[in-house]
Amino acid sequence: MNHDDAIKAIRAQGGTDEDVIAYLKSVGAKEIGADHPAHPDYKAALRRASNAVDQANAEVSDHPLLSSVAEAASTPLAGVPGGSLLMSGARKLTTERRVPFSEIQGQVNRETSDTPASALGRAIGTIAASSIMPKGGIAGGATFGGAEGLLNNSDDPTDVASRLGKGAIGAGIGGTMGGLVSGGTALARTYAPRLLGGTKTLGQNVVDREAARSAATKPLYDAAEAEGNAAYDPNAGGVRDLSAFRRVAGLLDNPKIKPFANEVRQAEKFAGPIPNGQIGGAAIGSPNDATTLREAYKLMGERQRALDSKLLNAADFPAGVSLAKSDLDILKSKLADAADPIMPSFRPANEAFAEHSAGIKDVQGASDAARRILGNVKVAGKKLGSASKEAFLGDVAEMGPEEARNATEGVLGRAKQMTLRQTATRAPALLRALDQRSGQQLPNALQRALIAMGVSPIGQDEEQP
């Protein structure tokens, strides 16, 4: 008797679907073949019996550990907004037409929520989906929650009104969850102990940075001073580079440099005894040109910082101040070039000083911006382009990684001085922008994952009967 006759005989004797399925399993799917022409009522049963994937699942179910792994591997899609609905739609295509879609939805929901392994699989899918969340915080949570509600796997796909309603509810829940998570993360980062990577207070941060700057630059400046004094010491041995001396002297007579050089020459700090009057127009004991160059360079740096402050506090853009600052940059560069043959340690000393000073400036600038933004300080209309939240975020978008890391310390340091509410509600946006520029992705990734995990139950719809 062939298999067709066997199935007909079972049917003729009043056999049920279960009897036919038992027979098909007893003879084995491979012997029957996937295309066995069973009665239409039993085609679905035949496909299941002849499907190698179902057979593998049946074998795996005998082993709890393997079963759990398989369950977890098959359910991640359910953790993605719309994933369960997509699986239901795909299953409908391979299921008998008479089976209602709601029954298929219920089956998918049960299969992806009936064991701890299913929960693990959904969590994996949810965390993976959170990586493409547009942004953290309220906006990210609202987007994720809205998608979960809109694409739920319990409503009829054509019930637009119900889906829109659940989407709105999901967006509200997700936005609330996003705000709570991002605010809590900002507070945790602000008040984390130093042993766990917490940020220093602003005062301690700047004091430590200034001490590090001094430790890095003082040996180099001392070396440059010794090199300069030796170069201009008439009793020192070796060949003297007269062309280098002339170049330095010429620069110190430059009309834009000379006022700074004269301040140095006239300073009491460098005054000395003047026996026998004058020699060559310069008082004995007055600073040599190497000293004058170094000190004039410092005075020009102080002038630049004053101009920076003037630019920062200006209501508009003072072109004259900007040009003066640019001129000082060019003149200082010329002095550094002229100093290289005489004081080779001078340039690296200035570079180290500039590098450390930039870090201090980053911290101070970000802390000032955070004070205004977290404190919701009203900015005058004429300063909106430089002192508003939008202006600061625009500056952040242009920062390099190191500058952004320094600015993050400034924001967190200032947050320690603000109220919990101010930090929780206003700091997250600043920190997200800075983390993106600094390459610090862990805080944002954790936030998105926590938001998504909190919102995902919106899409874990009730099981259909």
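The values are calculated or read from the model by the stated rules, or taken from the named source; none is laboratory data. Bear in mind the structure is a predicted one, so any value in this text is a computation, not a measurement. As a convention, Cβ positions derive from the backbone with ideal geometry for all residues, glycine included, and neighbour counts pool all protein chains shown.
List of remarks:
- Index of the failed condition, A211 passing every other in (1) in contact with a strand residue (DSSP E or B) (Cβ under 8 Å, 6 or more places away or on another chain); (2) modelled with pLDDT of 85 or more: (1)
- Residue count for the stretch 299-318, restricted to those that are at pLDDT 80 or above and touching a Phe, Trp or Tyr at 6+ places or on another chain (Cβ under 9 Å): 4
- Within the stretch 272-298, restricting attention to residues that are of a type in the set (G, A, S) and modelled with pLDDT of 70 or more, the residue that is surrounded by the most Cβ atoms within 10 Å (Cβ to Cβ) is A296.
- Residues located in the stretch 85-122, provided they are within 24 Å of V181 (Cβ to Cβ) and at pLDDT 75 or above: none
- Summed over the stretch 173-222, the residues that are closer than 30 Å to S345 by Cα and in contact (Cβ under 8 Å) with a residue 24 or more places away in the chain give a count of 10.
- Qualifying residue in the stretch 400-416 (condition: of a type in the set (S, T, N, Q) and surrounded by fewer than 19 Cβ atoms within 10 Å (Cβ to Cβ)): no
- When residues of the stretch 377-388 are limited to those that are without any contact (Cβ under 8 Å) to a residue 40 or more places away in the chain and in a helix (DSSP H, G or I), the one nearest to the chain's Cα centre (by Cα): A387
- Considering L420, L412, L374, the condition of being free of Cβ contacts under 8 Å to residues at least 60 places away in the same chain and of a type in the set (A, V, I, L, M) is satisfied by L374 alone.
- Flag if S357 is modelled with pLDDT under 95, within 30 Å of L220 (Cα to Cα), over 15 Å from the mean Cα position of the chain (by Cα) and not in a loop (DSSP other than H, G, I, E, B): yes
Quick grid of which residues meet (1) part of a helix (DSSP H, G or I); (2) in contact with a His (Cβ under 7 Å, 6 or more places away or on another chain); (3) on the phi > 0 side of the Ramachandran plot:
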| site | (1), (2), (3) |
| --- | --- |
| T185 | yes, no, no |
| T199 | no, no, no |
| G203 | yes, no, no |
| V206 | yes, no, no |
| R213 | yes, yes, no |
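- When restricted to residues that are crowded, with 22+ Cβ neighbours inside 10 Å and without any contact (Cβ under 8 Å) to a residue 60 or more places away in the chain, the stretch 155-172 contains 1.
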